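Written below as structure tokens is the structure these notes are about.
Every read-out reported here was derived from the displayed coordinates using simple, explicitly stated rules and does not represent laboratory data. Just so you know, these numbers come straight off a predicted model, no measurement behind them. So basically every Cβ, Gly included, is an ideal-geometry build from the backbone, and we count neighbours across all protein chains shown.
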């Protein structure tokens, strides 16, 4: 964090620092951020890069100051008061996040297939959604941040590379089923996981997001509370139960992915009306 003082006015900024051995990562993230910063139009729900520079063998990027991330916001209001105003705020912010992600994905201009305008964020999750309590005229404004895993591709190549990394809980089936190709659908899956947790927080509170819902997804893999997080039927003793949103199913030589039952019906008290999802989504 840095503080800028001009007269009686104080402004705070966030600084992200990378060591020089991560120069390629720094250049890639700056390149992506510049598409939505500086003189470019950007988007109100995408973080803007204010300045990038190198000093003493370290790379630095300066961003607007945020109060925390979306998970911090959920935790700060453990049991929300489900008012019409809160519902409207939640829907408007999620709509803005979705529109911001569409901005990253680009328009897929088929008239110029060599134009690297099609992007993928690669790591949509609550920790990568910044929360700014007061942002211009918007209260509790949300911004997509952390473009370190983002990629931009031409239309010809947008589905040809593997994911460079992913968050275990939100990861889509493509990360485990290697016959599936990576595309912008990767982000749509993670966006759906984010929405489910957002709705869980709104309807049941923070403890359901962090505990009940997460535990239910692990139970779908056979985990029992109080039992160490390993499976004795696995040769690898480091194998852990996971709270990802899908599980694999094998029918002969065909391996597919299905939404876990706990995702289809997050709790006995409400249902999101989802249906099992095959690996060809």
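Here are the numbers for this structure:
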quantity: Residue 58-residue 254 FRET efficiency (beta carbon distance; Förster radius 41 Å; 0.05 resolution); calculated: 0.25
quantity: Segment residue 265-residue 65, extension gain: residue separation times 0.36 nm, minus the distance between their alpha carbons; calculated: 68.3 nm
quantity: Stretchable slack from residue 12 to residue 92, in nm (0.36 nm times residue separation minus alpha-carbon distance); calculated: 26.2 nm
quantity: Residue order, fewest to most beta carbons within 10 Å, for 199, 194; calculated: 199, 194
